[in-house]
1. When you look at K283, is it assigned by TED's automatic domain parsing to the domain that holds A98, in a helix (DSSP H, G or I) and not hydroxyl-bearing (S, T, Y), yes or no?
2. From (1) touching a residue at least 12 places away in the same chain (Cβ under 8 Å); (2) within 20 Å of K60 (Cβ to Cβ); (3) of a type outside the set (D, E, K, R), pick out the condition that doesn't hold for L262.
3. So the check is Cβ under 9 Å with 6+ separation or different chains; which pairs have a first residue in region 304-330 that's of a type in the set (K, R) and a second one that's assigned to a helix (DSSP H, G or I)?
4. Being of a type in the set (D, E), part of a loop (DSSP other than H, G, I, E, B) and crowded, with 24+ Cβ neighbours inside 10 Å is the filter here, so list the residues in region 84-138 that pass it.
5. Can you pull out the strands (runs of 3 or more DSSP E) entirely within region 170-240 that have at least 2 residues that are farther than 18 Å from K141 by Cα and either touching a helix residue (DSSP H, G or I) at 6+ places or on another chain (Cβ under 8 Å) or not assigned by TED's automatic domain parsing to the domain that holds K108 (or both)?
6. Would you check if D150 is in contact (Cβ under 8 Å) with a residue 12 or more places away in the chain, under 20 Å from G50 (Cα atoms), charged (D, E, K, R) and crowded, with 18+ Cβ neighbours inside 10 Å?
7. Which condition number in (1) at pLDDT 95 or above; (2) under 19 Å from the mean Cα position of the chain (by Cα) is the one that E146 fails?
8. Pick from region 244-256 the residues that are at pLDDT 90 or above and of a type in the set (D, E, K, R): which of them is farthest from V335 (Cα to Cα)?
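The values are calculated or read from the model by the stated rules, or taken from the named source; none is laboratory data. Computed from a predicted structure; not experimentally measured. As a convention, Cβ positions derive from the backbone with ideal geometry for all residues, glycine included, and neighbour counts pool all protein chains shown.
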Amino acid sequence: MKRRSVLTSSLLFCASLSLTVGCSDRSTSIKPLATPNPNGTKLGFSAWPGWFPWQVAQEKELFQQAKVDVDLQWFGNYLDSIAALNNGKIDANSQTLADTISSIAAGKDLVVVLTNDNSTGNDKLIISEQIKSVKDLKGKKVAAEEGTVDHFLLVQALKKVGMTMKDIIFVPLETSKAADAFVAGQVDAVAVFAPFTTKALKRPGSRELFSSKDFPGSISDHLVFTRKFVTAHPEKVQAIVDSWFMTLDFIKMGRNRDDADLIMSKRAGVSMAEYKDYLDGTKIFSVEDNLEAFKAGNDNTYLPQAAAETSKFLFDNGLVKTQVDLSKLFDDRFVKAYAAKIKAAQS
């Protein structure tokens, strides 16, 4: 099982990047997605805590409340969802900022209309007991899935102490296999995401050295549409953005919390207790968070700056071949419209 890759454009025809959180048979108890609606907006999502609310929207009929027909499509393989959006098989997808920029560098025309979440701890570097600091990684075997945001996180941490990937022995492994290799003692450290963080920490003496919490805004996830669809159907985009925030409001209501968590844990294929352990590691963005994130700023908590730094990382490391024009990447009008609607309703 693999997570959100920053190598989409270069790996599109390589080994698939699976993103199924939890392989247990419990996944068979998940309520099936509705029968595909050929007239519905095709919305893709994959296994990541910040995207599971879409399953709640489906099961609690919140798309219908927002008056939009949605053909919600689950992708057990994350790369398949990226490919589906790039190839026009779906109209929208929940995906990372890095992958979106990679797709644009490959010639796709995509628009970020919403921030689902930021990773605030669910991406971690887990170390063996012999390692005490980032500098102790020098000459050590460190596993991660090459090109993923966890690889990106590792690069940032090394850079912070004046090191580069050349200072470590990098072992590129698919995320699940990376965690297995660490538990088996084959590598000294591993960069993985939840729930593989839980698996990695089963190695005696292991612990977290750093996480995405230490690099605010560096790993963000978004609702991304093709520009063609946004231009042709802005009202449908608006309704889906509305349904997202309606779902978050539904989940926050006390009597709905456990019900929503059960839906999301089943979609993840983990127990309720395991799922709740991941909640603090993902910051779901409210309307206010979104409005702030879309503004210009000088750190990664602001999307324009985060996009600029991510684009530079991708280009400097040879992960994309061209510099990306980011001037039309973000479209905040739908979030602003929802915020105005709520303000009017409260006045």
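1. Values: assigned by TED's automatic domain parsing to the domain that holds A98: yes; in a helix (DSSP H, G or I): no; not hydroxyl-bearing (S, T, Y): yes.
No; evaluated as a whole, the condition is false for this residue.
2. That leaves (1) as the condition not met.
3. These pairs meet every condition: K321/S9; K321/S10; K321/A105; K321/F315; K328/R227.
4. D91
5. Ranges flagged: 220-226.
6. yes
7. All conditions are met except number (1).
8. That would be K252.
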